[in-house]
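For reference, the structure discussed in these notes is given below.
Each value in this text was obtained by applying a stated rule to the coordinates, not by laboratory testing. Small disclaimer: the values here were computed from a predicted structure and weren't measured. Note: ideal-geometry Cβ built from the backbone for every residue, glycine included; neighbour counts use all protein chains shown.
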Amino acid sequence: MSAPSGPVEAETDAERVLFDMVDGYDRAFEQAAEIQGFSAAQACILVRLHEPVGMRQLAEDVGCDASNITQLVSRLESRGLVEREPDPADGRARRVRRTRAGDEMNVAFTRDFEFARHAVARLDPGEREELTRLLRKALGSDV
């Protein structure tokens, strides 16, 4: 999907509401991370580690550079929440995975981060399906 050509109209109601939603989501995410004693960036890493992942891929997933991801992972590692292990596909590379303590912390974080769960709970099942479809369309994703 390409961006519309020509002049962009003034901000629409949809854009304002989307901004409010994203802003509320970000603030709630940061607050939940703070409750658990880590930064939003560290929480983002912990949440994304469903399975072991390479450092380069993790940096790409989180949207930061390699040196920053190394520091963030080191902080989580020092708390016993993640560990690095050799990548079986490439002995020179390292993967990161959550530890049992990291899994427990992720559950606690998810419990404290209720913004999306509460927002979606206000919708009936049909509205949730429609919201999912519209968000995927807005993101250019047909998945």
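Brief remarks on what is shown
- Placing unit charges on the Cβ atoms only, positive for Lys and Arg and negative for Asp and Glu, gives region 16-112 a dipole magnitude near 240 debye about its Cα centre.
- The Kirkwood hydrodynamic radius of the chain, based on inverse pair distances between different Cα atoms, is 17.5 Å.
- Close amide-amide hydrogen proximity is noted between residue 82 and 77, 99, each under 5 Å apart and 5 or more residues distant or on a separate chain (H modeled in the peptide plane; Pro and chain starts excluded).
- Radius 12 Å from Cβ of residue 25, net charge of other residues (Lys, Arg +1; Asp, Glu -1): -3
- Ranked 131, 46, 139, criterion: other C-beta atoms within 10 Å, fewest first: 139, 131, 46
- Using bins of 10 Å that start at zero, the share of Cα-Cα pairs per bin across region 25-86 amounts to 22, 57, 20, 1, in whole %.
- For GluC sites (Glu not before Pro), the sites in region 27-115 that DSSP calls loop and that have at most 16 other Cβ atoms within 10 Å are 114.
- Most mobile listed residue (113, 29, 19) in the chain, GNM with C-alpha springs under 10 Å: 19
- Build a GNM of the chain with springs between Cα atoms under 10 Å apart, and of 101, 32, 14 the one that fluctuates most is 14.
- Computed from Cα positions, the angle between helix 66-78 and the longest principal axis of the chain comes to roughly 60 degrees.
- Straightening the chain between residue 129 and residue 78 buys 14.3 nm, computed as 0.36 nm per residue apart minus the Cα-Cα spacing.
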